[in-house]
Amino acid sequence: MKILIVDDFSTMRRIIKNLLKDLGFTNTVEADDGKSALPILEKGGVDFLVTDWNMPGMTGIELLKAVRTNPDLANLPVLMVTAEAKREQIIMAAQAGVNGYVIKPFTAATLKEKIEKIFERIDG
Amino acid sequence: MMNIDLLSLSRELVAALEKSDDIGADAILDQIAGLRETQLFQELGRLTRQLHDTMVSFSIDAKISEFAEHDIPDAKERLHYVIAMTEQAANQTLTAIENLLPVSEELGSQADALSAKWGRFLDREMPLDEFKALSQEITLHFENSQVSLNQIHSGLTEILMAQGFQDITGQIIRRVIDLVQDLETSMVKLISISGRKSSIAKNLTAVHDELPGPVVPGVDDREGDVASSQVDVDDLLSSLGF
(Lines give C-alpha, C1' and ligand atoms only; values in the text may rest on other atoms or scores of the structure.)
Protein backbone atom coordinates (compact mmCIF):
# COMPACT_ATOMS: atom_id res chain seq x y z
CA MET A 1 0.00 0.00 0.00
CA LYS A 2 1.65 3.19 -1.26
CA ILE A 3 0.23 6.50 -0.05
CA LEU A 4 0.82 9.97 -1.53
CA ILE A 5 0.64 12.88 0.94
CA VAL A 6 0.10 16.32 -0.60
CA ASP A 7 0.39 19.48 1.51
CA ASP A 8 2.29 22.74 1.04
CA PHE A 9 3.33 22.74 4.72
CA SER A 10 6.14 20.26 5.30
CA THR A 11 5.27 20.05 9.02
CA MET A 12 1.78 18.81 8.15
CA ARG A 13 3.22 16.25 5.72
CA ARG A 14 5.49 14.96 8.50
CA ILE A 15 2.56 14.73 10.93
CA ILE A 16 0.42 12.75 8.47
CA LYS A 17 3.39 10.58 7.48
CA ASN A 18 4.06 9.68 11.11
CA LEU A 19 0.39 9.00 11.84
CA LEU A 20 0.20 6.71 8.82
CA LYS A 21 3.36 4.93 9.95
CA ASP A 22 1.68 4.42 13.30
CA LEU A 23 -1.29 2.88 11.52
CA GLY A 24 1.04 0.48 9.73
CA PHE A 25 1.38 2.32 6.42
CA THR A 26 5.10 2.79 5.99
CA ASN A 27 5.27 3.31 2.23
CA THR A 28 4.56 7.01 1.68
CA VAL A 29 5.57 9.63 -0.87
CA GLU A 30 5.16 13.38 -0.57
CA ALA A 31 4.35 16.33 -2.82
CA ASP A 32 3.89 20.01 -1.96
CA ASP A 33 1.04 20.82 -4.34
CA GLY A 34 -1.21 19.36 -7.04
CA LYS A 35 1.21 20.18 -9.81
CA SER A 36 4.01 18.07 -8.35
CA ALA A 37 1.55 15.39 -7.16
CA LEU A 38 -0.02 14.68 -10.53
CA PRO A 39 3.12 13.31 -12.27
CA ILE A 40 3.71 11.01 -9.28
CA LEU A 41 0.14 9.71 -9.56
CA GLU A 42 0.36 9.35 -13.34
CA LYS A 43 3.52 7.28 -13.00
CA GLY A 44 1.33 4.74 -11.20
CA GLY A 45 1.71 2.63 -8.08
CA VAL A 46 -0.05 4.98 -5.65
CA ASP A 47 -2.96 3.30 -3.86
CA PHE A 48 -4.25 6.13 -1.72
CA LEU A 49 -4.12 9.94 -1.88
CA VAL A 50 -4.23 12.25 1.14
CA THR A 51 -4.38 15.90 0.08
CA ASP A 52 -4.74 19.40 1.47
CA TRP A 53 -7.01 21.86 -0.37
CA ASN A 54 -5.37 25.28 -0.24
CA MET A 55 -1.99 25.06 -1.97
CA PRO A 56 -0.17 27.33 -4.38
CA GLY A 57 0.18 26.18 -7.97
CA MET A 58 -2.56 23.57 -8.09
CA THR A 59 -5.09 23.21 -5.28
CA GLY A 60 -6.34 19.95 -3.81
CA ILE A 61 -9.79 20.28 -5.37
CA GLU A 62 -8.20 20.77 -8.80
CA LEU A 63 -6.03 17.73 -8.13
CA LEU A 64 -9.10 15.72 -7.11
CA LYS A 65 -10.91 16.72 -10.32
CA ALA A 66 -7.85 15.85 -12.40
CA VAL A 67 -7.67 12.45 -10.70
CA ARG A 68 -11.34 11.70 -11.33
CA THR A 69 -11.13 12.63 -15.03
CA ASN A 70 -8.07 10.45 -15.62
CA PRO A 71 -9.32 6.92 -16.49
CA ASP A 72 -6.22 5.33 -14.87
CA LEU A 73 -6.78 7.16 -11.58
CA ALA A 74 -10.58 7.60 -11.50
CA ASN A 75 -11.04 5.01 -8.75
CA LEU A 76 -8.16 6.13 -6.53
CA PRO A 77 -9.41 6.71 -2.96
CA VAL A 78 -8.87 10.33 -1.94
CA LEU A 79 -8.96 11.75 1.59
CA MET A 80 -8.99 15.51 1.94
CA VAL A 81 -7.32 16.93 5.07
CA THR A 82 -7.83 20.69 5.06
CA ALA A 83 -8.58 23.82 7.07
CA GLU A 84 -11.24 24.77 4.50
CA ALA A 85 -14.49 24.37 6.42
CA LYS A 86 -17.20 26.26 4.50
CA ARG A 87 -20.23 24.07 3.96
CA GLU A 88 -20.27 24.89 0.24
CA GLN A 89 -16.65 23.74 0.01
CA ILE A 90 -17.38 20.40 1.68
CA ILE A 91 -20.30 19.92 -0.71
CA MET A 92 -18.07 20.86 -3.64
CA ALA A 93 -15.49 18.27 -2.58
CA ALA A 94 -18.21 15.64 -2.17
CA GLN A 95 -19.52 16.40 -5.65
CA ALA A 96 -16.00 16.19 -7.05
CA GLY A 97 -15.83 12.64 -5.70
CA VAL A 98 -13.82 12.85 -2.49
CA ASN A 99 -13.89 9.70 -0.32
CA GLY A 100 -13.37 11.40 3.04
CA TYR A 101 -13.03 14.91 4.45
CA VAL A 102 -11.12 15.81 7.63
CA ILE A 103 -10.87 19.40 8.86
CA LYS A 104 -7.76 20.77 10.53
CA PRO A 105 -6.95 20.80 13.36
CA PHE A 106 -7.73 17.09 13.61
CA THR A 107 -6.95 14.28 16.03
CA ALA A 108 -5.02 11.10 15.38
CA ALA A 109 -8.22 9.16 16.13
CA THR A 110 -10.21 11.08 13.48
CA LEU A 111 -7.64 10.43 10.78
CA LYS A 112 -7.50 6.76 11.71
CA GLU A 113 -11.29 6.45 11.67
CA LYS A 114 -11.66 8.10 8.25
CA ILE A 115 -8.90 6.05 6.68
CA GLU A 116 -10.31 2.81 8.06
CA LYS A 117 -13.77 3.77 6.79
CA ILE A 118 -12.43 4.39 3.30
CA PHE A 119 -10.64 1.04 3.20
CA GLU A 120 -13.67 -0.76 4.59
CA ARG A 121 -15.71 0.57 1.67
CA ILE A 122 -13.10 -0.44 -0.85
CA ASP A 123 -12.72 -3.93 0.57
CA GLY A 124 -16.46 -4.39 1.05
CA MET B 1 -2.45 83.31 -24.58
CA MET B 2 -6.24 83.31 -24.61
CA ASN B 3 -6.39 86.93 -23.45
CA ILE B 4 -3.84 88.09 -26.02
CA ASP B 5 -5.92 86.40 -28.75
CA LEU B 6 -9.02 88.06 -27.40
CA LEU B 7 -7.34 91.48 -27.27
CA SER B 8 -6.06 91.33 -30.83
CA LEU B 9 -9.41 90.04 -32.10
CA SER B 10 -11.20 92.89 -30.31
CA ARG B 11 -8.88 95.41 -31.89
CA GLU B 12 -9.55 93.90 -35.31
CA LEU B 13 -13.30 94.05 -34.56
CA VAL B 14 -13.14 97.80 -33.69
CA ALA B 15 -11.16 98.45 -36.82
CA ALA B 16 -13.66 96.54 -38.97
CA LEU B 17 -16.61 98.36 -37.38
CA GLU B 18 -14.91 101.73 -37.94
CA LYS B 19 -14.45 100.80 -41.57
CA SER B 20 -18.13 99.67 -41.65
CA ASP B 21 -16.90 96.24 -42.78
CA ASP B 22 -19.97 94.25 -41.53
CA ILE B 23 -18.92 90.92 -43.06
CA GLY B 24 -15.42 91.22 -41.55
CA ALA B 25 -16.91 92.20 -38.14
CA ASP B 26 -19.26 89.20 -38.18
CA ALA B 27 -16.38 86.83 -38.92
CA ILE B 28 -14.36 88.28 -36.06
CA LEU B 29 -17.34 87.96 -33.69
CA ASP B 30 -17.66 84.27 -34.67
CA GLN B 31 -13.99 83.80 -33.88
CA ILE B 32 -14.43 85.41 -30.46
CA ALA B 33 -17.43 83.17 -29.71
CA GLY B 34 -15.40 80.13 -30.77
CA LEU B 35 -12.66 81.19 -28.42
CA ARG B 36 -15.18 81.43 -25.56
CA GLU B 37 -16.51 77.96 -26.35
CA THR B 38 -13.04 76.42 -26.28
CA GLN B 39 -12.44 78.01 -22.92
CA LEU B 40 -15.74 76.66 -21.66
CA PHE B 41 -14.93 73.15 -22.83
CA GLN B 42 -11.51 73.28 -21.23
CA GLU B 43 -13.03 74.37 -17.95
CA LEU B 44 -15.68 71.66 -18.24
CA GLY B 45 -12.94 69.12 -18.87
CA ARG B 46 -11.03 70.26 -15.82
CA LEU B 47 -14.14 70.02 -13.64
CA THR B 48 -14.90 66.53 -14.96
CA ARG B 49 -11.39 65.35 -14.14
CA GLN B 50 -11.65 66.84 -10.67
CA LEU B 51 -14.99 65.10 -10.15
CA HIS B 52 -13.52 61.79 -11.31
CA ASP B 53 -10.53 62.08 -8.98
CA THR B 54 -12.79 62.98 -6.10
CA MET B 55 -14.99 59.97 -6.82
CA VAL B 56 -11.94 57.67 -6.95
CA SER B 57 -10.60 59.07 -3.71
CA PHE B 58 -14.06 58.60 -2.17
CA SER B 59 -14.03 54.94 -3.12
CA ILE B 60 -10.53 54.52 -1.67
CA ASP B 61 -11.73 56.37 1.44
CA ALA B 62 -14.58 53.88 1.65
CA LYS B 63 -12.12 51.00 1.25
CA ILE B 64 -9.90 52.41 3.97
CA SER B 65 -12.84 52.88 6.33
CA GLU B 66 -13.81 49.30 5.51
CA PHE B 67 -10.28 48.36 6.57
CA ALA B 68 -10.60 50.37 9.75
CA GLU B 69 -14.08 49.15 10.67
CA HIS B 70 -13.90 45.56 9.60
CA ASP B 71 -10.63 44.14 8.31
CA ILE B 72 -8.21 45.47 10.94
CA PRO B 73 -10.31 44.27 13.91
CA ASP B 74 -10.66 40.94 12.08
CA ALA B 75 -6.90 40.77 11.61
CA LYS B 76 -6.43 41.47 15.30
CA GLU B 77 -8.78 38.61 16.17
CA ARG B 78 -6.88 36.37 13.77
CA LEU B 79 -3.55 37.23 15.33
CA HIS B 80 -4.99 36.69 18.81
CA TYR B 81 -6.12 33.27 17.62
CA VAL B 82 -2.56 32.61 16.41
CA ILE B 83 -1.26 33.45 19.89
CA ALA B 84 -3.88 31.18 21.45
CA MET B 85 -3.07 28.32 19.07
CA THR B 86 0.68 28.53 19.51
CA GLU B 87 0.23 28.75 23.27
CA GLN B 88 -2.06 25.74 23.24
CA ALA B 89 0.41 23.75 21.11
CA ALA B 90 3.32 24.69 23.38
CA ASN B 91 1.34 23.73 26.49
CA GLN B 92 0.16 20.47 24.94
CA THR B 93 3.76 19.61 24.08
CA LEU B 94 5.14 20.63 27.48
CA THR B 95 2.41 18.75 29.36
CA ALA B 96 3.11 15.60 27.37
CA ILE B 97 6.84 15.93 28.05
CA GLU B 98 6.28 16.59 31.76
CA ASN B 99 4.11 13.47 31.93
CA LEU B 100 6.59 11.34 30.00
CA LEU B 101 9.85 12.28 31.71
CA PRO B 102 8.97 10.57 35.04
CA VAL B 103 7.72 7.51 33.14
CA SER B 104 11.01 7.13 31.30
CA GLU B 105 12.98 7.86 34.50
CA GLU B 106 11.04 5.17 36.37
CA LEU B 107 11.63 2.67 33.56
CA GLY B 108 15.32 3.56 33.60
CA SER B 109 15.80 3.14 37.33
CA GLN B 110 13.89 -0.16 37.32
CA ALA B 111 16.14 -1.41 34.51
CA ASP B 112 19.25 -0.24 36.40
CA ALA B 113 18.21 -2.04 39.59
CA LEU B 114 17.36 -5.23 37.74
CA SER B 115 20.54 -5.08 35.73
CA ALA B 116 22.64 -4.90 38.93
CA LYS B 117 20.80 -7.90 40.39
CA TRP B 118 21.05 -9.79 37.11
CA GLY B 119 24.80 -9.23 37.17
CA ARG B 120 25.02 -10.81 40.61
CA PHE B 121 22.97 -13.78 39.39
CA LEU B 122 25.30 -14.26 36.38
CA ASP B 123 28.28 -14.10 38.72
CA ARG B 124 26.58 -16.88 40.73
CA GLU B 125 26.45 -14.67 43.80
CA MET B 126 22.70 -14.96 44.30
CA PRO B 127 21.00 -17.37 46.69
CA LEU B 128 17.92 -19.20 45.37
CA ASP B 129 15.40 -17.27 47.49
CA GLU B 130 16.71 -13.99 46.21
CA PHE B 131 16.55 -15.33 42.63
CA LYS B 132 12.88 -16.25 43.08
CA ALA B 133 12.17 -12.69 44.19
CA LEU B 134 14.17 -11.41 41.21
CA SER B 135 12.11 -13.48 38.78
CA GLN B 136 8.97 -11.86 40.13
CA GLU B 137 10.56 -8.44 39.83
CA ILE B 138 11.48 -9.15 36.21
CA THR B 139 7.91 -10.25 35.42
CA LEU B 140 6.60 -7.10 37.06
CA HIS B 141 9.13 -5.02 35.11
CA PHE B 142 7.92 -6.45 31.79
CA GLU B 143 4.33 -5.62 32.73
CA ASN B 144 5.29 -2.10 33.81
CA SER B 145 7.33 -1.62 30.64
CA GLN B 146 4.34 -2.39 28.47
CA VAL B 147 2.17 0.13 30.31
CA SER B 148 4.93 2.75 30.28
CA LEU B 149 5.77 2.27 26.61
CA ASN B 150 2.10 2.67 25.72
CA GLN B 151 2.06 5.90 27.73
CA ILE B 152 5.20 7.11 25.95
CA HIS B 153 3.71 6.23 22.58
CA SER B 154 0.49 8.12 23.17
CA GLY B 155 2.42 11.08 24.61
CA LEU B 156 4.63 11.19 21.52
CA THR B 157 1.55 11.08 19.28
CA GLU B 158 0.13 14.00 21.25
CA ILE B 159 3.35 15.95 20.69
CA LEU B 160 3.20 15.04 17.01
CA MET B 161 -0.39 16.29 16.67
CA ALA B 162 0.39 19.50 18.55
CA GLN B 163 2.72 20.50 15.69
CA GLY B 164 -0.32 20.98 13.44
CA PHE B 165 -0.44 24.56 14.71
CA GLN B 166 2.35 25.52 12.30
CA ASP B 167 0.19 24.85 9.23
CA ILE B 168 -2.95 26.57 10.58
CA THR B 169 -1.19 29.64 12.02
CA GLY B 170 0.97 29.88 8.89
CA GLN B 171 -2.15 30.12 6.75
CA ILE B 172 -3.72 32.71 9.06
CA ILE B 173 -0.58 34.87 9.15
CA ARG B 174 -0.32 34.76 5.35
CA ARG B 175 -3.83 36.20 5.19
CA VAL B 176 -2.96 39.01 7.59
CA ILE B 177 0.12 39.81 5.47
CA ASP B 178 -2.15 40.02 2.40
CA LEU B 179 -4.41 42.41 4.30
CA VAL B 180 -1.48 44.62 5.29
CA GLN B 181 -0.40 44.67 1.65
CA ASP B 182 -3.92 45.67 0.56
CA LEU B 183 -3.97 48.43 3.12
CA GLU B 184 -0.58 49.67 1.94
CA THR B 185 -1.79 49.71 -1.67
CA SER B 186 -4.86 51.75 -0.74
CA MET B 187 -2.81 54.20 1.28
CA VAL B 188 -0.35 54.67 -1.59
CA LYS B 189 -3.26 55.23 -4.00
CA LEU B 190 -4.77 57.81 -1.70
CA ILE B 191 -1.47 59.62 -1.34
CA SER B 192 -0.81 59.53 -5.07
CA ILE B 193 -4.28 60.88 -5.86
CA SER B 194 -3.80 63.79 -3.52
CA GLY B 195 -0.45 64.31 -5.25
CA ARG B 196 -2.12 63.68 -8.66
CA LYS B 197 0.30 60.92 -9.57
CA SER B 198 -2.00 57.94 -9.79
CA SER B 199 0.47 55.76 -11.71
CA ILE B 200 2.58 54.77 -8.64
CA ALA B 201 -0.06 52.56 -7.10
CA LYS B 202 -0.47 50.32 -10.14
CA ASN B 203 2.47 48.04 -9.34
CA LEU B 204 1.33 47.38 -5.83
CA THR B 205 -1.82 45.34 -6.35
CA ALA B 206 -1.80 42.53 -3.83
CA VAL B 207 -2.26 38.96 -4.94
CA HIS B 208 -5.49 37.65 -3.45
CA ASP B 209 -6.08 34.30 -1.98
CA GLU B 210 -9.63 33.40 -2.91
CA LEU B 211 -10.06 30.45 -0.54
CA PRO B 212 -11.61 31.13 2.88
CA GLY B 213 -8.90 29.20 4.77
CA PRO B 214 -8.77 28.20 8.43
CA VAL B 215 -11.81 29.11 10.51
CA VAL B 216 -10.94 31.63 13.21
CA PRO B 217 -13.58 31.40 15.94
CA GLY B 218 -15.49 34.66 16.34
CA VAL B 219 -14.38 35.90 12.92
CA ASP B 220 -15.18 33.33 10.25
CA ASP B 221 -18.08 31.52 11.90
CA ARG B 222 -20.39 34.55 12.29
CA GLU B 223 -22.45 33.71 9.21
CA GLY B 224 -23.07 30.13 10.28
CA ASP B 225 -21.90 28.79 6.93
CA VAL B 226 -18.87 26.89 8.21
CA ALA B 227 -18.47 23.48 9.72
CA SER B 228 -17.19 24.17 13.22
CA SER B 229 -16.14 20.62 13.99
CA GLN B 230 -15.45 17.25 12.42
CA VAL B 231 -18.91 16.17 13.63
CA ASP B 232 -20.45 18.96 11.51
CA VAL B 233 -18.47 17.77 8.50
CA ASP B 234 -19.55 14.17 9.03
CA ASP B 235 -23.21 15.20 9.43
CA LEU B 236 -23.09 17.27 6.26
CA LEU B 237 -21.44 14.46 4.30
CA SER B 238 -23.86 11.85 5.57
CA SER B 239 -26.75 14.12 4.54
CA LEU B 240 -25.20 13.98 1.06
CA GLY B 241 -25.31 10.20 1.14
CA PHE B 242 -21.75 9.56 2.32
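Here are some notes:
- B:Phe142, A:Phe25, reordered so the largest accessible area comes first (probe 1.4 Å): B:Phe142, A:Phe25
- Percent carbon-and-sulfur accessible area, chain A, ignoring ligands, DNA and RNA, probe 1.4 Å: 48
- Accessible-area order (highest first, 1.4 angstrom probe) of the listed residues A:Arg68, B:Arg78, B:Arg11, B:Arg222: B:Arg11, B:Arg222, A:Arg68, B:Arg78
- Computed over the protein assembly as shown, the ratio Rg/Rh where both radii use C-alpha atoms and Rh is Kirkwood: 1.35
- Percent accessible area from carbon and sulfur atoms, segment B:27-104, protein chains only, probe 1.4 Å: 62
- Counting only protein heavy atoms and a probe of 1.4 Å, the accessible surface of segment B:140-189 is 64% carbon and sulfur.
- If you take all other residues with their beta carbon under 15 Å from the beta carbon of B:Ala27, and give Lys and Arg +1 and Asp and Glu -1, the sum is -4.
- Solvent-accessible heavy-atom area per residue, rounded to whole Å², over chain B at 1.4 Å: 68
- Angle in degrees between helix B:2-18 and the longest Cα principal axis of chain B, rounded to the nearest 10: 20
- Summed side-chain charge close to B:Ala111 - residues other than B:Ala111 whose Cβ falls under 13 Å, Lys, Arg +1, Asp, Glu -1: -3
- Positive-pole candidate from B:Ala90, A:Ile16, B:Ser115, dipole of the protein assembly as shown, charges at beta carbon: B:Ser115
- Rounded to the nearest 100, the interface formed by chains B and A buries 2900 square angstrom of accessible surface, both chains summed, with a 1.4 Å probe.
- Cα pair distances of segment B:77-226 binned at 5 Å [whole percent]: 2, 8, 11, 10, 9, 8, 8, 7, 6, 5, 5, 4, 4, 4, 3, 2, 2, 1, 1, 0, 0
- When the convex hull of its Cα atoms is viewed from all sides, segment A:1-106 shows a mean projected area of 6.0 nm².
- About its Cα centre, segment B:1-116 has a charge dipole of approximately 280 debye under the convention of +1 per Lys or Arg Cβ and -1 per Asp or Glu Cβ, with nothing else charged.
- Helix B:230-239 axis, angle to chain B major axis (alpha carbon atoms, nearest 10°): 70
- Of A:Asn27, A:Asn70, A:Ala109, farthest towards positive along the dipole that unit charges on Lys, Arg, Asp, Glu beta carbons give segment A:13-124: A:Ala109
- Beta bridges from DSSP with both residues in the protein assembly as shown: antiparallel share about 5 percent, rounded to the nearest 5.
The values are calculated or read from the model by the stated rules, or taken from the named source; none is laboratory data. Keep in mind the model is a prediction, meaning the values are calculated, not measured. Virtual Cβ from ideal backbone geometry, glycine too; neighbours counted across all protein chains shown. Surface areas here come from the heavy atoms of the whole protein model, side chains and all, with no ligands, DNA or RNA. Shrake-Rupley method; radii C 1.70, N 1.55, O 1.52, S 1.80 Å.
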